[in-house]
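Visitor: The structure that follows is given in the form of structure tokens.
The values are calculated or read from the model by the stated rules, or taken from the named source; none is laboratory data. In this text, all values refer to a predicted model and were calculated from it rather than measured experimentally. Cβ atoms come from the backbone with ideal geometry, glycine included; neighbour counts cover every protein chain shown.
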Amino acid sequence: MNLVTILALIVSSTFVYSAPLIFTALGGVYSENSGITNIGLEGIMTIGAFSAIVFNLTFASAFGKATPWLGLIVGGIVGLLFSLLHAVATINFHADHIISGTVLNLMAPPLGVFLVKAIYDKGQTENITQSFGYFSFPGLADIPVIGPIFFQNTSAPAWLAIVLSVVLWWILYKTRFGLRLRSCGENPQAADTLGINVYGMRYAGVLISGFLGGVGGAVFAEAISGNFSVSTIVGQGFIALAAMIFGKWNPLGAMMASLFFGFAQSISIIGNQLPFFSHIPVVYMQIAPYVITIIVLVLFFGKSVAPAADGQNYIKSK
């Protein structure tokens, strides 16, 4: 195995495992920049994964290869609706953000399993027949060295997530909407005096996070797991949350951090195929992504500054 082949394997696998994290971390960035802490990303990913798999199994024969992409939209919409619970609880009823997010995380897995049992009369779904396979970009894949590494047998959802990261960075920092969203996360009282609808902007942030978290869950289910069970999304939402913090609540930073965590996860899967990692016991490779997540949080959490009003309820009358 030559160097180009090794790099192509690493990059391809990294992109596959990074895509769900990028989408979900981007959602967390928007929610927390609006002032709403959202640790319910794990639950939102879970419900998005469930919805995408059910849609895929139901309509694969009708939509063919377009089914996984339509499944992303379905997962995003259901994730958005699920995140409404968090929005209403924290914005209208001024509930504690951590408790509300925890409720989402505790609610989603049993709800998904209950619905799977009700629909399919079993504990998990069948494997889908239409999934995200590997994709090669026409023309770009033929570029010497770079083509085989980055554009051949790669993940289309990952490239979509990377492009979306740039777009969402531009929206957050270069548009009026982004300025208003960030002002609600920094000083909602001042934003309100300027005529900005703080509740509306915070709803927008949470619903965007719900949609993107649902898409992240759908990508994981349709590109990696291939079915839905209670263990389909285990820790992915929390890793995405760590990526958001590591990326300093910035879309581009969250994207880069997600690529790093995706690399850590991919190494735990393909490590036995690489000369550098083949002699490391499998159990160490499997726990490595979670250990790295903890280490990164310990090292960088105190150095990353969240939006000033993140996690603080805003009551208009005050």
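Visitor: Working carefully through the options Ala87, Ala95, find the one that is part of a loop (DSSP other than H, G, I, E, B), among the aliphatic types (A, V, I, L, M) and closer than 30 Å to Ala308 by Cβ.
Guide: Ala95
Visitor: Within the group Ile245, Ile239, which residue is under 18 Å from Trp169 (Cα atoms), in contact (Cβ under 8 Å) with a residue 12 or more places away in the chain and part of a helix (DSSP H, G or I)? Explain how you work it out, then say what you get.
Guide: Working: Ile239 fails: under 18 Å from Trp169 (Cα atoms).
Checking each option against the conditions leaves just Ile245.
Visitor: Before we move on, is Val78 aliphatic (A, V, I, L, M) and surrounded by fewer than 24 Cβ atoms within 10 Å (Cβ to Cβ)?
Guide: Working: aliphatic (A, V, I, L, M): yes; surrounded by fewer than 24 Cβ atoms within 10 Å (Cβ to Cβ): no.
In short, no.
Visitor: A further question on this structure: Where residues in region 45-67 are surrounded by fewer than 21 Cβ atoms within 10 Å (Cβ to Cβ) and not small (Gly, Ala, Ser), which of them is nearest to Thr102 (Cα to Cα)?
Guide: My answer is Thr58.
Visitor: A further question follows. Can you tell me which residue among Asp96, Asp121 is loosely packed, with under 15 Cβ neighbours inside 10 Å and modelled with pLDDT of 95 or more?
Guide: Result: Asp96 is the single residue among Asp96, Asp121 that is loosely packed, with under 15 Cβ neighbours inside 10 Å and modelled with pLDDT of 95 or more.
Visitor: Looking at Ile128, Ile98, Ile119, which is the one that is within 20 Å of the chain's Cα centre (by Cα) and not hydroxyl-bearing (Ser, Thr, Tyr)? Write out each step before concluding.
Guide: Values: Ile128 fails: within 20 Å of the chain's Cα centre (by Cα); Ile119 fails: within 20 Å of the chain's Cα centre (by Cα).
Just a single option satisfies the conditions, and that option is Ile98.
Visitor: Please verify whether region 40-48 includes one or more residues that are modelled with pLDDT of 95 or more, under 25 Å from Trp249 (Cβ atoms) and not in a helix (DSSP H, G or I).
Guide: Checked region 40-48: at least one residue is modelled with pLDDT of 95 or more, under 25 Å from Trp249 (Cβ atoms) and not in a helix (DSSP H, G or I).
Visitor: Follow-up. So which helices (runs of 4 or more DSSP H) stay within region 136-205 end to end and still have 3 or more residues that are modelled with pLDDT of 95 or more and within 20 Å of Ser13 (Cα to Cα)?
Guide: 156-174
Visitor: Here is a further query. Could you list, ordered by first residue, the pairs with Cβ atoms under 7 Å in which the first is in region 281-302 and surrounded by 10 or more Cβ atoms within 10 Å (Cβ to Cβ) and the second is modelled with pLDDT under 75, at least 6 apart or interchain?
Guide: Hits for this filter: Met285/Gly271; Met285/Phe277.
Visitor: Of a type outside the set (Gly, Ala, Ser), assigned to a helix (DSSP H, G or I), in contact (Cβ under 8 Å) with a residue 60 or more places away in the chain and closer than 30 Å to Asp310 by Cα, is that true of Leu7?
Guide: Judged against the criteria, Leu7 is not a match.
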